[in-house]
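I have placed the structure first, in the form of structure tokens, so that the comments after it can refer back to it.
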Amino acid sequence: MAKSIAIGPSIMTADLLNLGAQIESAEQAGVDFIHLDVMDGRFVPNISFGMPVCAALRRSTSLPLDAHLMIEQPENYVDAFRDAGADRITVHVESCLHLHRTLLQIAEIGAVPGVSINPSTPLGAIEEVLPICGQVLVMLVNPGFGGQSLIPAMLDKVRRLRALIDARNPHCLLEVDGGIKASNIKRVVEAGADTIVVGSAIYNDDESVLEAVSILRSSIG
Ligand code: DX5
Ligand code: ZN
């Protein structure tokens, strides 16, 4: 039986002046979740948004909110994002000193605990915590900006992680993020990803959100 593939837009590249309408068009296009890129200007060289935007999204949609925390000391903010309505909270292994404790903290407050790894970080860095993860997010670009190109070498990393997840925690989602387009989404799924974040290939000036999502889904085949 074909694995169901979840697709979620990153609002990083959305028209933030019309966020409500952008979320509505994503819902009508049949996306599965909404991805929030939280950047603090320290862990990544960019600053985006925080809990107030998360809370505003919570009021506007019942879709799962997937908070991607690209911040230092994320353990200090997971409760606040949960209170703001985040359903899945992902921290970076590179910025979390006590990752095991922080993942347990996220689970205890009722959110799905996720860990993300940058392109240069080996899978071994998260192997010990894999059994307590609800999702692992593989960055296919160096984090901090939308509109970048996927790093081809990351496909092999996704393949190796798929084998690890199947062996150690089959319920864990394998999420990928960065540079995904209609031209490469099939290879990313074939490598083993089941949860796909898409920014500029959904929110752009060339096509409607409805067209973009249906092209992505048909490209998976
Ligand atoms: C990058 C973010 C991504 C990004 C995705 O640091 O984590 O979510 O916004 O945008 P695209 O799909 O345009 O690479
Ligand atoms: Zn992201």
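The values are calculated or read from the model by the stated rules, or taken from the named source; none is laboratory data. Worth saying up front: this structure is predicted, and the values here are computed from it rather than measured. Virtual Cβ from ideal backbone geometry, glycine too; neighbours counted across all protein chains shown.
A residue that is without any contact (Cβ under 8 Å) to a residue 60 or more places away in the chain, within 17 Å of ASP177 (Cα to Cα) and touching a Gly at 6+ places or on another chain (Cβ under 7 Å) occurs nowhere in region 69-80.
Only one entry of GLY179, GLY221 meets the criterion of being surrounded by fewer than 21 Cβ atoms within 10 Å (Cβ to Cβ), within 23 Å of ILE165 (Cβ to Cβ) and either at pLDDT below 95 or of a type outside the set (D, E, K, R) (or both), and that entry is GLY221. For region 138-152, the condition of being more than 16 Å from ligand 1 (Cβ to nearest atom) and closer than 30 Å to GLU108 by Cβ holds for none of the residues. Applying the set (1) buried (at least 18 other Cβ atoms within 10 Å of the Cβ); (2) within 28 Å of LEU123 (Cβ to Cβ) to ASP194 leaves exactly one unmet item: (1).
I need the full set of residues from region 184-213 which are among the aliphatic types (A, V, I, L, M), under 17 Å from ILE34 (Cβ atoms) and within 16 Å of ligand 2 (Cβ to nearest atom), in order please. Explain how you work it out, then say what you get.
Taking region 184-213 and keeping what is among the aliphatic types (A, V, I, L, M), we get 185, 188-189, 191, 193, 196-198, 201-202, 209-210, 212-213.
Filter once more, so that each one left must be under 17 Å from ILE34 (Cβ atoms): 196-198, 201-202, 209-210, 212-213.
Scanning region 184-213 gives ILE196, VAL197, VAL198, ALA201, ILE202.
Give the residues of region 31-42 that are touching a helix residue (DSSP H, G or I) at 6+ places or on another chain (Cβ under 7 Å) and more than 12 Å from ligand 2 (Cβ to nearest atom), sorted by residue number. Answer for region 31-42, where residues must be touching a helix residue (DSSP H, G or I) at 6+ places or on another chain (Cβ under 7 Å) and more than 12 Å from ligand 2 (Cβ to nearest atom): just VAL31.
From the list GLY8, GLY50, the lone residue that is surrounded by fewer than 21 Cβ atoms within 10 Å (Cβ to Cβ), at pLDDT 95 or above, within 18 Å of the chain's Cα centre (by Cα) and of a type in the set (Gly, Ala, Ser) is GLY50.
Considering every residue within region 43-54, establish whether at least one is among the small types (Gly, Ala, Ser) and within 15 Å of ligand 2 (Cβ to nearest atom).
We begin by selecting, within region 43-54, every residue among the small types (Gly, Ala, Ser); these are 48, 50.
Checking which are within 15 Å of ligand 2 (Cβ to nearest atom) leaves us with 48, 50.
Checked against the condition, which is being among the small types (Gly, Ala, Ser) and within 15 Å of ligand 2 (Cβ to nearest atom), region 43-54 yields at least one hit.
Is it the case that some residue within region 142-150 is in a helix (DSSP H, G or I) and more than 15 Å from ligand 2 (Cβ to nearest atom)? Before you say what the answer is, go through the steps one by one.
Taking region 142-150 and keeping what is in a helix (DSSP H, G or I), we get none.
Within region 142-150, not a single residue is in a helix (DSSP H, G or I) and more than 15 Å from ligand 2 (Cβ to nearest atom).
Which pairs turn up if I take residues in region 196-221 that are under 24 Å from SER48 (Cα atoms) and without any contact (Cβ under 8 Å) to a residue 24 or more places away in the chain and look for partners that are of a type in the set (D, E, K, R) and surrounded by 15 or more Cβ atoms within 10 Å (Cβ to Cβ) with beta carbon separation below 9 Å, at least 6 apart in sequence or on another chain? If the second residue must be of a type in the set (D, E, K, R) and surrounded by 15 or more Cβ atoms within 10 Å (Cβ to Cβ), the pairs left are ALA201/LYS181.
Taking region 197-218 as the range and being surrounded by fewer than 22 Cβ atoms within 10 Å (Cβ to Cβ) and in contact with a strand residue (DSSP E or B) (Cβ under 9 Å, 6 or more places away or on another chain) as the test, the residues that pass are SER200, TYR203, ARG217.
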